[in-house]
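Okay, so here's the structure we're looking at.
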Amino acid sequence: MAAGTGAGTDVGRACDSGEARGDAQALAAALAALLPARFGVAVTAGAMADHRDTLRPEELPAIARAVDRRVHEFSTGRLLARQAMIRLGMPDAPIPRAADRSPVWPAACQGSITHAGGHVLAAVTRRESLCGLGVDLEEAHRVTAELHAKLFTPTERARLLDPAPGATATRRAALLFSAKEAVYKAVHPSVGVFIGFQEVEVAIAGDIDAPAGAFSMRYVGTHAPNRIMETGLGYFCSVDTRYVLTAFVIP
Ligand SMILES: CC(C)(COP(=O)(O)OP(=O)(O)OC[C@H]1O[C@@H](n2cnc3c(N)ncnc32)[C@H](O)[C@@H]1OP(=O)(O)O)[C@@H](O)C(=O)NCCC(=O)NCCS
């Protein structure tokens, strides 16, 4: 796969230590490598830190009653998203939060933000480049077996999870979950309705344990506009076996 428009951790101040900067660089590079260059996506990543002083007035209501950890993840995401906009040659405009918690991107661009394990990633592209973009980072160990019945359809559990106990099943579960979250971020801003975990089915192309791969989505719910996800393209990779990273684009 061709690399995306670029990856970076030029959030210097978002990376507190050399180790954190190395992790962020690896995550940014992995995400940029997943996204085909034709979609023109700029990727930035950094360690979660306190960047509340960089927030714009329009963004402050989103953290008015937030605890410090939430202020850190929100402010790091906004800082990284603005740096991605700059990389695309766009003004670094405010990104308020909508009532449904989605970021309100400036008219000229769209993007997606994710946080996990103290890391934050932002992906931004020009509005005309895609109909939807979602990215998601998950820590591989977090999607435990008790959650499977809620998060996965019977078909997903039978095909992708049940025959593989242990660490492999855990990573597969994290991948399926992350894919659904990335899809939600790509579809929800345009369709505008909540999409339940049982309304979608992930189909993995190729070996689920390969270092990088692709997935597609089937919509099995009843709200027809959500079928737009069936035209989308999903990409995944593992980073250090600790993280699963997914991206979903609707061309
Ligand atoms: C919105 C959601 C997908 C976020 O995923 P998450 O793993 O909890 O958290 P992440 O750190 O990866 O992503 C959080 C970011 O998602 C973005 N986000 C939140 N709501 C969003 C929405 N409705 N549309 C697009 N992006 C959204 C925000 O940028 C948020 O970060 P911010 O508040 O700092 O700006 C998740 O909380 C959710 O509500 N899931 C339920 C619906 C779902 O996933 N269905 C699956 C079937 S499609």
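Rule-based calculations on the coordinates, nothing more; no lab input. Everything quoted here is computed from the prediction, not taken from an experiment. Glycine gets a Cβ as well: all are built from the backbone with ideal geometry, and neighbour counts include every protein chain shown.
Below is a table of values for the structure above.
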quantity: Scope segment 172-190; condition over 17 Å from Leu147 (Cβ atoms), surrounded by fewer than 22 Cβ atoms within 10 Å (Cβ to Cβ) and near the ligand (Cβ under 8 Å from one of its atoms); matching residues; calculated: His188, Pro189
quantity: Residue in segment 80-103 that is nearest to Val120 (Cα to Cα), counting only those that are surrounded by 14 or more Cβ atoms within 10 Å (Cβ to Cβ) and within 11 Å of the ligand (Cβ to nearest atom); calculated: Leu80
quantity: Pairs, first without any contact (Cβ under 8 Å) to a residue 12 or more places away in the chain in segment 180-203, second near the ligand (Cβ under 6 Å from one of its atoms), C-beta under 8 Å, six or more apart; calculated: Phe194/His188
quantity: Subset of segment 216-233 (residues that are touching a helix residue (DSSP H, G or I) at 6+ places or on another chain (Cβ under 6 Å) and assigned to a strand (DSSP E or B)); calculated: Met217, Tyr219
quantity: Candidate set: segment 115-167, residues that are of a type in the set (S, T, N, Q) and without any contact (Cβ under 8 Å) to a residue 60 or more places away in the chain; chosen: the one farthest from Ile195 (Cα to Cα); calculated: Thr144
quantity: Val135 vs. criteria within 12 Å of the ligand (Cβ to nearest atom) and crowded, with 20+ Cβ neighbours inside 10 Å; calculated: yes
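Each row is one residue, and each column tells you yes or no for (1) assigned to a loop (DSSP other than H, G, I, E, B); (2) over 26 Å from Gly213 (Cβ atoms); (3) under 17 Å from the mean Cα position of the chain (by Cα).
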{"residue": "Leu27", "(1), (2), (3)": "no, no, yes"}
{"residue": "Ala30", "(1), (2), (3)": "no, no, yes"}
{"residue": "Pro61", "(1), (2), (3)": "no, yes, no"}
{"residue": "Glu73", "(1), (2), (3)": "no, yes, yes"}
{"residue": "Pro94", "(1), (2), (3)": "yes, yes, no"}
